[in-house]
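Below you'll find the structure, written out as C-alpha cells, and then a few comments.
The values are calculated or read from the model by the stated rules, or taken from the named source; none is laboratory data. All figures in this text were calculated on a predicted structure; none of them were measured in a lab. Quick reminder, even Gly has a Cβ in these numbers, built from the backbone with ideal geometry, and neighbours come from all protein chains shown.
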Amino acid sequence: MLMRHNPGFYLSFSLLLLAGFSSCKEKEEEDKVQKEPTILQVNGSTTASAVVRSLEFSVRCDARWSAELEGADWAAIESQTALADGGSIVLRFDCNRSGEDRTGTLVISSGSKSVRKSITQSSLDKFFMPTEIHLAGVSEVPLVFDSPAAWTVSIAEGEDWILIGATEGASGYAKVPVKAVDPNENIGDRSGSLTVTIGSEAFTIPVLQSQKDVILADNTQVDFAYKGGDFAVITQSNVSYQIECEADWVHHNETKALNQATELFTVDRNETLSERTAVIRFTPVDGTASSVDVKVRQEGMDPALLITTPGFYKIGSANYFLGNNGWNLCSSVRNTDGSAEFRLMNRETLSVLTLKGFDPDAEAGSSAHLSVTGWQKGGKFLIREYDVTLLEADESLIWLKSEDQAVFIIKK
C-alpha cells in the first residue's frame, strides 16, 4: 500500500526543529553570559623590544570576557576576537625611542574572575648595544642588536673618518664592526653618526672619537739674544706631563693655579761669544702620549760687549780708537724728542766727538740714526751719519754698532 507524503507536515516539522535549535542556542548564549567561567587563561609574551610594535595574546575562556589596559597610555588594544572557547587580543604601539622602559597592565575579565598581565616595552638603550659608540684611536667597537626584520646601516655623518664592517643583514642577531680610519689628533672629540633602518623605522647612533693622548705646544722653537730673558710655552694636553731640560741656563718657572696651561721659563745671559741651544721636553707621566720638544736657541754675545773702555772703534777697515784711555764724557743733553746728545772729549788728542740721534734708554736691539761730528784742535775733522743698533746699555756704558761694524762705546 502506497503512502502519500504530506509536504505541509514536513515543513511544519522543520520549523519546529529550527525553533527548538534557536531556542537552545539563545539559551546557551544566555547561560554563557550569565555563568561563571570554569576556565580563564591568557597566554602570550608580555615583553617587547624597543623596535617591536605589537604583542599578541590568546585567551581560553568558556564564558564571555573583555579586555582593557591600565597605566599604558603608550599602547592600545587593536583587536580582540571572541571565539566559542576564548579568543585573541592584539596590542599595538610605537617604537620606544626613549631611554626608559614603558610598562602597563593588560586586564582580562570574565564574570567575577580576572587575569592581570604586566606588559613592558624595553628602552632603546637595551636594544642597541651601545646606543652611543665611543672610539679611541683605531680600535674597533661592535654595534650589536637583535633585529626583528631585515636591516641596513649607513654612515650619516663622518664618512671621511668612520668605517663600518657591515651595511645590511637579515632578521636576528646582528653585529656591525665600527672603527676610525686614523687616531683623532684634533683638539677635542670628533663626532659622527650612523643610521640604522629596520623595516620602516630609522634610528640614529652617535659616534664619538676621543682625542688622541697628546701634548701640544704653541711654539717649538724659541730664539734669544745673548742677554736671555723670559718666555712662555702655552700647552694643550689631555694627559699629565712633566718638564725636563738638561741645560742649566734654562729655568722652568712654576706657574700658579691662575693658568696651568702656560709654562714660564727664563733664559740666562750668555756671557760667551758662542751660540748655544737647549731642548725642553714635555713628557707624559703615564707614557700614553708622545713627548713634545721645544728647542731654545741663544746667540752668543757680541764681541764689542767685551770692550769696556769708551771709544770709537773699527771705522771702515781700521780697528782703533782715537786717543789713549778712550773718550770721556764731557756733557750730555736730553732732547725734547727723547733722544740724547753726548759730547765726548779725549784730553790727550784735544779732540771732541758729538753723538746725537738715539735714545740711550731704548731696549737692546732698537735701531736709531746716529750723527757723529768730530772736532779737533784746529777745526772740524769728522762728520758722518750711521744707522746703528743699541747693543746694550748698563748703568755706566752704552754700546752702539753700525751696519758697517763701527762700534761706539759711550760712558754715560
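Just a few scattered comments:
- Pick from the stretch 80-101, criterion of a type in the set (A, V, I, L, M, F, W, C) and in a loop (DSSP other than H, G, I, E, B), ranking: surrounded by the most Cβ atoms within 10 Å (Cβ to Cβ): Cys95
- Residues of the stretch 174-196 that are farther than 15 Å from Gln211 by Cα, touching a Phe, Trp or Tyr at 6+ places or on another chain (Cβ under 8 Å) and not polar (S, T, N, Q): Ala174, Val196.
- Residues in the stretch 268-290 that are in contact (Cβ under 8 Å) with a residue 12 or more places away in the chain and either loosely packed, with under 13 Cβ neighbours inside 10 Å or out of contact with any strand residue (DSSP E or B) (no Cβ under 6 Å at 6 or more places or on another chain) (or both): Asp268, Arg269, Glu271, Thr272, Leu273, Ser274, Glu275, Thr277, Val285, Asp286, Thr288, Ser290.
- Candidate set: the stretch 54-70, residues that are within 30 Å of Tyr173 (Cβ to Cβ) and surrounded by fewer than 18 Cβ atoms within 10 Å (Cβ to Cβ); chosen: the one farthest from the chain's Cα centre (by Cα): Ser58
- Within the stretch 358-375, the set of residues being under 20 Å from Lys411 (Cβ atoms) and outside any loop (DSSP other than H, G, I, E, B) comprises Phe358, Ala368, Leu370, Ser371, Val372, Thr373, Gly374, Trp375.
- Any hit, the stretch 137-145, residues being in contact with a Ser or Thr (Cβ under 8 Å, 6 or more places away or on another chain) and either under 30 Å from Ile280 (Cα atoms) or without any contact (Cβ under 8 Å) to a residue 60 or more places away in the chain (or both): no
- Long-range neighbours under 9 Å by Cβ, at least six apart or interchain, first residue not assigned by TED's automatic domain parsing to the domain that holds Asp293 within the stretch 231-250, second of a type in the set (Lys, Arg) and modelled with pLDDT under 90: none
- For the stretch 102-131, the set of residues classified as at pLDDT 95 or above, surrounded by fewer than 17 Cβ atoms within 10 Å (Cβ to Cβ) and not polar (S, T, N, Q) consists of Val107, Arg116, listed by residue number.
- All told, Phe203 falls short of being more than 29 Å from Ser139 (Cα to Cα), outside the structural domain of Asp394 (by TED's automatic domain parsing) and surrounded by 15 or more Cβ atoms within 10 Å (Cβ to Cβ).
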